[in-house]
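K.L.:
Have a look at this one.
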Amino acid sequence: MVSTESSAEFVLASASPRRRELLQQIGCHFKVAPVNLDETPMPGELPEHYVVRMALEKARAGWNASREQGKPVLAADTTVVCEGEIFGKPANRDEAVVMLRRLSGKSHHVLSAVALCDASRCESRLSETEVRFRVIDEAECQRYWDTGEPADKAGGYGIQGYGAVFITSIQGSYSGVVGLPLAETCDLLSAFDLSWWEST
């Protein structure tokens, strides 16, 4: 369970149940306070710059919204990059099918940035993972959309759910593809003297 107000060491500025579960997995004590920002990439913005910018902006927005509590704010952003193009969350079935068909039978990259902000500083870390898909046809893409899973996932798939059947290999951080790279997160927590592996 998410920590109580008194036991939380930091604030997670995300509504993602997957990020919450990953932090719980490593024994973090935190509370949840999501933020909503415009996540439109800037013209010509490189994918790695975009994902780090978004993580930092979310962490800063979370800090500004809750600074009176004095707890550091952790935020993250994950995006799929295929042939240099950023794939965000599909707006509808047609967009999801187009994304999945473009990922079919080839490798793409998942960039996942995590940021932490307090009264004195904001820092970030970046994870990059290569994911390879088997060939998938349009009918399978349509069936996958009907599961409801792709709608809120960058790139239109979830590695931790039904979408795992598409993936033949990954090189890099599994947790980064899920949405929060744990090695980089723990490095950032250490830099701010925050703990993990704590008992509940």
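The values are calculated or read from the model by the stated rules, or taken from the named source; none is laboratory data. Computed from a prediction, not measured in an experiment: that's the story for all the values here. Glycine gets a Cβ as well: all are built from the backbone with ideal geometry, and neighbour counts include every protein chain shown. All accessible areas refer to the heavy atoms of the entire protein, side chains included, with ligands and DNA or RNA removed. Shrake-Rupley method; radii C 1.70, N 1.55, O 1.52, S 1.80 Å.
K.L.:
Taking the C-alpha atoms of the chain, how large are the radius of gyration and the largest Cα-Cα span, Dmax, in Å?
P.N.:
17.0, 52
K.L.:
Quick one: what are the phi-derived ³J(HN,Hα) couplings along the stretch 67-81, Karplus 6.51/-1.76/1.60 with θ = phi - 60°, whole Hz, x for glycine and proline?
P.N.:
4, 5, 7, x, 9, x, 10, 9, 9, 8, 8, 10, 9, 9, 10
K.L.:
Let me ask another. Each label point is 7 Å from the Cα along the Cα-to-Cβ direction; what then is the distance between the points at Leu46 and Tyr174, in nm?
P.N.:
3.0 nm
K.L.:
While we're here: Only loop residues by DSSP count here, and only those with at most 15 other Cβ atoms within 10 Å; note down the GluC sites (Glu not before Pro) in the stretch 50-95 that meet that.
P.N.:
Glu83
K.L.:
At a 1.4 Å probe, what is the % contribution of carbon and sulfur to the accessible area of the stretch 44-200?
P.N.:
Reported share for carbon and sulfur atoms: 48 percent.
K.L.:
For the stretch 117-200, what's the radius of gyration and Dmax over Cα atoms, in angstrom?
P.N.:
In order Rg, Dmax, the Cα atoms of the stretch 117-200 give 16.7, 52 Å.
K.L.:
Right, next: Let me know the number of lysine pairs in the chain closer than 29 Å at the Cα, not counting same-chain pairs under 8 apart.
P.N.:
11
K.L.:
A further question on this structure: What number comes out for accessible area per residue over the chain if the probe is 1.4 Å? Units Å², please.
P.N.:
48 Å²
K.L.:
Looking at the stretch 63-140 from every direction and averaging, what is the projected area of its Cα convex hull in nm²?
P.N.:
6.9 nm²
K.L.:
Taking 8 Å as the Cα distance limit and 6 or more residues as the minimum spacing, I'd like the relative contact order of the chain as a percentage.
P.N.:
23 percent
K.L.:
Between Trp197 and Ala33, what is the FRET efficiency for a Förster distance of 22 Å, r being their Cβ-Cβ separation, to the nearest 0.05?
P.N.:
0.40
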